[in-house]
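These notes are about the structure you will find just below.
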Amino acid sequence: MIARATRGLDLGVELSNVCNLHCNHCIRGPHQSQLDHLDLALLERIVAEASSMFSPLRVVFTGGEPLAAASFPDAVRILRARGLPWHMVTNGWLVPKHIDTILGHRPAFARVSLSGATPETHDRERGPRSYRRALLGASVLLAHGIRTEMSMVVTRESRNELEAAAKLANQFGVAAFHFILPQPTPDSALLGTDLSPAEWKTVSLEILALSKRSSVPLRLDYGAYQPEPRERCATMSMRQIYVDAQGRVPFCCQLSRYGTGDEPIIGNLTTESFATVVARLEERYADFAAESDVLVQIGKVDAMDDYPCLSCARKHGRTSFLAAFPEHPWAQLARSA
Ligand code: SF4
Ligand code: SF4
């Protein structure tokens, strides 16, 4: 069990699974079968309990699009009342609408997500004028002195825009620019927009080269090529916990609502205390790490296991949808764990 209030925690919160956009690469799925909204009384209880266990506690609002959640202003007020730091990942569209709320309790930073570094690529995925709206959102945040970062998923569509992304980052003077190699989704598999493992490696090297001549830090998000033995990720090191809009705690935000099969839900905060769920997470992560170590020791791993999140998703049975796409570059993920 973790010593109380001696360690920090990033508490990811899905206020709702609503998004005003419908990206094919969205790991939550572009079309949700039901709409969920996190109860604000539950949010208040969760942050109260989490604050008593972790310090500092930082709240992270992620997708669904946090600014599309009707509860966003009240959720920020809850954090302000407790003086809790927060940040968010947003597609940028609704920043102008919510700027007063944002300034009422300024985030440590905001990350504006992109599907491409040109209007053509980004808007093809996110709809007409999305690129302008995203950049306007980033501009508004920057104009108010809020630390602003950007991110871009690298797909077959945006693969040739790494340099353009670096240029954009430097033109805007954002605090950092993150490149994401996105997990395949049923929609991206159908459209054929996923890069192959070999292309992921090449892209990673290109980003590394670009980062060496960029004033703005260019970063590759977790999930890229990282063979065993590797350190435990932030989730399995208990540095981040995610709560979905039903109040459930999945194994990881990366697996929440992702793929097919039963969701790996570890706890439910509508009926359980935060401490109970944290204790169960610790046990589950320790068991999972031990099982993974055994597989490495007996050589029961393949090239897919060099990619931590895809390996993890496969072990949780979340990538079986790829069985319908035998030509897919990650088709090996279709095999069950
Ligand atoms: S903007 Fe983000 S949350 Fe919304 S559909 Fe696209 S990837 Fe998903
Ligand atoms: S999907 Fe698994 S490996 Fe990736 S961050 Fe989550 S827990 Fe860690």
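Summary of values
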read-out: Within region 198-224, backbone nitrogen closer than 19 Å to the virtual label 7 Å beyond the Cα of Asp302 toward Cβ; value: 198-201
read-out: Exposure proxy ranking, count of Cβ atoms within 10 Å, fewest first, for Thr319, Thr62; value: Thr62, Thr319
read-out: Cβ-Cβ FRET estimate between Ala324 and Ser55, R0 fixed at 51 Å, reported to 0.05; value: 0.65
read-out: Nitroxide proxy distance, nm - points 7 Å out along Cα→Cβ at Arg232 and Arg129; value: 4.8 nm
read-out: Taking only Cα atoms of the chain, radius of gyration then Dmax in Å; value: 19.4, 56
read-out: Residues Leu35, Leu210, Leu181, sorted so that the one with the fewest Cβ neighbours within 10 Å comes first; value: Leu35, Leu210, Leu181
read-out: Alpha-carbon centroids, region 10-57 and region 120-144: separation in whole Å; value: 23 Å
read-out: Ranking of Tyr285, Tyr222, Tyr307 by count of other Cβ atoms within 10 Å, fewest first; value: Tyr222, Tyr285, Tyr307
read-out: Cα→Cβ-extended label distance, 7 Å offset, between Arg280 and Arg159, nm; value: 4.1 nm
read-out: Convex hull per residue volume in Å³, alpha carbons only, for region 200-283; value: 145 Å³
read-out: R0 of 51 Å, Cβ-Cβ distance Ala41-Glu199: FRET efficiency to nearest 0.05; value: 0.65
read-out: Contour excess over end-to-end distance, with Cα ends at Leu208 and Glu120 and 0.36 nm allotted per residue; value: 29.2 nm
read-out: Calculated log₁₀ intensity ratio I(q)/I(0) where the Debye formula runs over C-alpha points of region 75-231, q = 0.12 Å⁻¹; value: -0.56
read-out: Environment charge at Glu231 (Cβ cut-off 14 Å; Lys +1, Arg +1, Asp -1, Glu -1); value: +1
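Read-outs: derived from the displayed coordinates by stated rules, not from any lab. Quick caveat, the model's predicted, so the values are computed rather than measured. FYI the Cβ positions are ideal-geometry reconstructions off the backbone, even for glycines, and counts take in every protein chain you see.
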